[in-house]
1. For the range 118-204, report the convex hull volume of the alpha-carbon atoms normalised per residue, in Å³, without decimals.
2. Residues in the range 1-19 near a label at S138, defined as backbone nitrogen under 11 Å from the 7 Å Cα→Cβ point?
3. Compare the peptides 230-238, 73-81, 138-146, 157-165 by average per-residue count of other Cβ atoms within 10 angstrom and give them in order, highest first.
4. Among the GluC sites (Glu not before Pro) within the range 50-105, which fall in a DSSP loop and have no more than 11 other Cβ atoms within 10 Å of their own Cβ?
5. List the aspartates and glutamates whose alpha-carbon lies under 17 Å from that of K212, not counting same-chain residues fewer than 8 positions away?
6. Based on the Cα atoms of the chain, what semi-axes does the equivalent ellipsoid have, where each is the square root of 5 times one gyration tensor eigenvalue, given in whole Å with the largest first?
7. R270 versus S296, label points 7 Å from Cα toward the beta carbon: distance in nm?
8. Multiply the residue separation of A285 and E44 by 0.36 nm, subtract the distance between their alpha-carbon atoms, and state the gained length in nm to one decimal.
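What follows draws every value from the coordinates through simple rules; no lab data is involved. These numbers come from a predicted model, not from an experiment. A quick note on method: Cβ atoms are made from the backbone with ideal geometry, for glycine too, and the neighbour counts reach across all protein chains shown.
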Amino acid sequence: MIDFKGKVAVITGAGSGLGREFADIASSLGMKLVLADVQADALERATDELLAKGSEVLAMVCDVSKGAHVQELADAAIARFHGIHLVFNNAGVGSGGLIWENSEADWEWVLGVNLWGVIHGVRIFTRAMLECAKRDPSYRGHIVNTASMAGLLNAPAMGVYNVSKHAVVSLSETLYHDLQLVGAPIGASVLCPYFVPTGISHSHRNRPDELKLDAAPTASQMAAQALTVKAVESGKVSATDVANLTFEAIRNEQFYIFSHPQALGGVAERMDAIVHATNPPDPYAATPHVREMLRSRL
Ligand SMILES: NC(=O)c1ccc[n+]([C@@H]2O[C@H](COP(=O)([O-])OP(=O)(O)OC[C@H]3O[C@@H](n4cnc5c(N)ncnc54)[C@H](O)[C@@H]3O)[C@@H](O)[C@H]2O)c1
């Protein structure tokens, strides 16, 4: 297990929501912080607050969908702090609507941030951490990838997001097995939150111009957006709660991290359908009013 004090934590999406909370806990544990976000003003605010708490901070505006940016982040972290111990591949964005209505730009944007961001993070930081381990026999590291319950379930009208998060679960499980295979002193976890009040339902704020919507949103996209705003804003488990249980999982070297274990019944039903080759279970069995609300707006 990592002894956090004096070690280096890299956090992507550190300007808001879960990433901001990871940074607070890492700071309170005496870690040195490498903060990355594509939203410069949020990153600057977070940096000022964490410097005021007495933390050592390296902050970089970084678009995780771009490998060169993530490489620069890793190089800067090593140059400044000479090591990387804890990595949160956390930056993410959301987009909804019927799956055939999403544009190529929707797919590029969401998969770029949610999947390629984690691919680059795993590709680049794992190698950098293995180099650290070669230099220090007592080295311990840990990587946390933020997926979602949408990486284990497939709610309707969330296809692009579902695909990105299922891929992150797969990538993370494989990372876990590969690290075990080579006996690396690096742990891995996948965080699967359900709805938590953060800025995620307003992620279009950071959508790059070249991948902007080229047409007005469809009815299903507007309905999915309204549903997401409502679900996220009424979430009862806070981002602070999720960050606390994530650090507890890192301490316990626990791979799967769930913010809402009560939602796992749906995962069990889905797995049961897979192993028995029955059709996917009704995602609205317990909430038919949600289906009716969505249908009425299509
Ligand atoms: N909040 C929820 O209900 C929920 C549920 C499941 C999963 N998640 C996941 O949690 C993670 C954190 O999201 P959050 O809920 O804290 O939302 P958030 O919007 O509050 O924070 C996400 C951060 O990522 C940053 N970001 C966006 N695009 C980026 C890019 N290209 N490069 C670097 N940074 C970028 C944003 O600027 C923002 O600061 C995401 O991966 C999200 O998919 C959130």
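1. Working: hull volume 9.4 nm³, N = 87.
Residue-normalised Cα hull volume stands at 108 Å³.
2. So the set is 3.
3. Numbers: 230-238: 14.0, 73-81: 17.3, 138-146: 21.9, 157-165: 23.6.
In decreasing order of mean packing, 230-238, 73-81, 138-146, 157-165 become 157-165, 138-146, 73-81, 230-238.
4. none
5. D63, E101, E104, D106, E108
6. After diagonalising the Cα gyration tensor, the semi-axes are 32, 22, 17 Å.
7. 2.7 nm
8. Numbers: separation 241, 0.36 × 241 = 86.76 nm, distance 4.44 nm.
Working it through step by step, the gained length comes to 82.3 nm.
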